[in-house]
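Take a look at the structure below.
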Amino acid sequence: MGPVPEEIDVVVVGAGQAGLATSHELGLRGVEHVVLEASKPGSSWLGRWDSFTLVGPNHTVRLPGAPYTGEDPGGFMSRTEVADHLRAYAGRLGRVRTGVPVHALRPLAGGGGYELRTDGETIRSRVVVVATGAYQRPLRPAAVAGLAPDVACVDVLGYRNPAGLPDGAVLVVGSGQSACQIAEELVVSGRDVVMACGRAPWFPRRVGGRDLFEWLMDSSFYEQTPDQLASPAARHGANVQASGARGGHDLHYRTLAALGVRLMGHLLEIDGRTARFAPDLPEVIAAGDAGFRFVRDTVVDVARDRGLPVPEIPEPGPLDTAAPTELDLRGFGAVVVATGFRSRYAEWVDVPGLVDAQGFPVHVDGESVVAPDLHFVGVHFLRRRRSSLLFGVGDDATATATRISARLSLST
């Protein structure tokens, strides 16, 4: 016979901001639990590139029991500073078991509770909270599959800095915050950069003496629920293009073009050393400008509602949208793919029907509809747009901890 499985009432999987916030809220309610972390608390932040910073100002770090209290609330923490903040948080909570990866999770035979398989042991739990983060697996689109094998293809978790790439020009595939930030870093370092663009909104970093995030947080923007989106797939839409690097600055297609980045339509395919693009760059830029106008209108509404001076926000200037549809990649050292992330839940959670066609958990108020007592926290758009963010995950953690506490109280 093997070792007797450990019995734990509540297990939280993952010690990032979602898992730690949930642990804090469970502790406040007197719910005994443990947090299992494959590496160290906050370690996922260390997997980002060297110069990575938060895009939201430091004061938006509003985790329950661990808000930002430093001397630079308007600054932007580096990846190591965020990880350090979360490690200190975990130390105060005292519930985290580090170096304990969960390889498999399945319902117990006969119903009621779950079995978690880790390295060399099995844990049984009445309740499980999956808090493994919003960014689990970089998406690598089929369009890059035909790239010549001697050209490096690096995803957003594999990129570290310009010097880490082979010599030569770089094709950046993507349009969100990460793609723009990496493209900017590369071109500033002296690389020739081509960018395969997708549709993403943009807006100035600061207007009317306030940061973009402050305007949006004063609006209903981050309160948007999944049912208010145009389609379920819209949950994968790109965030507003911006950067927190070097104190925070404007970053979008126009600033990149001014630096010398060559903009193309979206990538259709790569055949060896030939990349083909859709002739849709004008439509891509127009879509981004429509996003700009939406955010501008939101800012104006906030200013009027709060009695603030309405800032002057000029229309975007012209941008040359003529672009070839084919590019010879000879002389290119690398392709950097930054096209977003997808979930991994179905790879290790053995529950049929767990996720929808987009890979998001099928749930009601964070609890799986097909697996009672299996909860999720930290999922993008779980309850609202802010569900996975450092200023929003705490509310979801509170709701989930309250639900679990009430359920356990009724069962005793």
Inset, instruction - Please give, to one decimal in nm, the separation of the simple spin-label points placed at R160 and A286, each 7 Å out from Cα toward the Cβ. - result: 4.4
Inset, instruction - Please work out the C-alpha center-to-center distance from segment 162-192 to segment 194-268 and express it in whole Å. - result: 18
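For S189 and S39 in the same chain, what is the full-extension length gain: residue separation times 0.36 nm, less their Cα-Cα distance, in nm?
Details: separation 150, 0.36 × 150 = 54.00 nm, distance 3.25 nm.
Full extension from S189 to S39 adds 50.8 nm.
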Legend entry - Calculated from backbone phi, Karplus (6.51, -1.76, 1.60) coupling profile of segment 37-44 in Hz, x at Gly/Pro: 10, 5, 10, 10, x, x, 5, 5
Legend entry - Gaussian network model of the chain, springs between alpha carbon atoms under 10 Å - residue of Q228, Q17, Q358 with greatest fluctuation: Q228
Inset, instruction - Counting only GluC sites (Glu not before Pro) that are in a DSSP loop and have at most 15 other C-beta atoms within 10 Å, tell me the longest site-free stretch of the chain. - result: 122-311
Inset, instruction - Give, in nm to one decimal, the length gained when the segment between R92 and T225 is fully stretched (0.36 nm per residue of separation minus the Cα-Cα distance). - result: 44.6 nm
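Using DSSP, restrict attention to beta bridges with both residues in the chain and report what percent are antiparallel, rounded to the nearest 5.
On the way: 27 of 61 bridges.
The answer is about 45 percent antiparallel.
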Legend entry - Alpha-carbon gyration tensor eigenvalues x 5, square-rooted, for segment 139-337, Å: 32, 18, 15
Inset, instruction - At a temperature of 10 °C and a viscosity of 1.306 mPa s, determine how fast segment 108-215 diffuses translationally according to Stokes-Einstein, using the Kirkwood radius over alpha-carbon pairs as Rh; express D in µm²/s, rounded to the nearest whole number. - result: 87
Inset, instruction - Could you compute the FRET efficiency for L139 and A258, with r as their C-beta to C-beta distance and R0 at 35 Å, rounded to 0.05? - result: 0.80
Legend entry - Choice from A90, A131, A371 with maximal GNM fluctuation in the chain (Cα, 10 Å cutoff): A371
Legend entry - Degrees separating the helix 79-93 axis from the principal Cα axis of the chain, which is the longest one: 10
Legend entry - For segment 56-168: rounded, prolate or oblate by the Cα gyration tensor [a/c cutoff 1.5]: oblate
Inset, instruction - Please label the shape of segment 300-388 as rounded, prolate or oblate, based on the square roots a ≥ b ≥ c of the eigenvalues of the alpha-carbon gyration tensor (a/c under 1.5 means rounded; beyond that, a/b larger than b/c means prolate, else oblate). - result: oblate
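Over segment 263-351, what number does the Rg to Rh ratio reach, with both radii from the alpha-carbon atoms and Rh per Kirkwood? Intermediate results must be reported in sequence, preceding the final value.
Numbers: Rg = 20.2 Å, Rh = 17.3 Å.
Rounded to two decimals, Rg over Rh is 1.17.
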Legend entry - Mean-position separation - Cα centroids, segment 344-412 and segment 12-72, in angstrom: 17
Inset, instruction - Evaluate the Kirkwood expression for the hydrodynamic radius of segment 356-412, namely the inverse of the mean inverse distance over all pairs of different C-alpha atoms, and round to one decimal in Å. - result: 11.8
Legend entry - Selected from G113, G317, G47 as most flexible by GNM, with the chain as the system and alpha-carbon contacts under 10 Å: G317
Legend entry - Cα-based helix-to-principal-axis angle, 393-411 vs the chain, degrees rounded to 10: 20
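Only helical DSSP H runs with n ≥ 4 go in: add -39500 (n - 2.57) per run for the chain, normalise by residue count and round the 222 nm mean residue ellipticity to 500 deg cm²/dmol.
Details: 9 runs with 104 residues, N = 412.
For the chain, the value works out to -8000 deg cm²/dmol.
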Legend entry - V369 paired with R210, simple spin-label distance in nm, labels 7 Å along Cα-to-beta-carbon: 3.7
Inset, instruction - Please identify every one of the trypsin sites (Lys or Arg not before Pro) in segment 312-412 that sits in a loop by DSSP and has no more than 14 other beta carbons within 10 Å of its own beta carbon. - result: R330, R344
Inset, instruction - Per residue of segment 239-245, in order, report the coupling 6.51 cos²θ - 1.76 cosθ + 1.60 (Karplus, θ = phi - 60°) as ³J(HN,Hα) in whole Hz, putting x for Gly and Pro. - result: 6, 4, 5, 6, 9, x, 5
Inset, instruction - Using only Cα atoms, tell me the angle between helix 177-188 and the longest principal axis of the chain; keep it within 0 to 90° and round to the nearest 10. - result: 40
Legend entry - Sum of side-chain charges, G394 neighbourhood, beta-carbon under 13 Å (Lys, Arg +1; Asp, Glu -1): +1
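Quick one: grab the alpha carbon gyration tensor of segment 216-283, order the square roots of its eigenvalues as a ≥ b ≥ c, and give me rounded if a/c is under 1.5, else prolate or oblate depending on whether a/b is larger than b/c. Let's see the in-between values first.
Working: a/c = 2.87, a/b = 1.35, b/c = 2.13.
Oblate, since a/c reaches 1.5 and b/c is not below a/b.
For segment 1-72, what mean projected area does the convex hull of the alpha carbons give, in nm²?
Taking a quarter of the hull surface, the average projection is 7.0 nm².
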Inset, instruction - In whole Å, largest first, what are the principal axis extents of the Cα atoms in the chain? - result: 67, 58, 38
Inset, instruction - Run the quick spin-label model on A233 and D350: label points 7 Å from Cα toward the beta carbon, then report their separation in nm to one decimal. - result: 3.3
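Bear in mind these aren't lab numbers, they're just calculated from the coordinates by the rules spelled out. Predicted model only: the values in this text are computed from it and were never measured. Cβ: placed from backbone, ideal geometry, glycine included. Neighbour counts: every protein chain shown.
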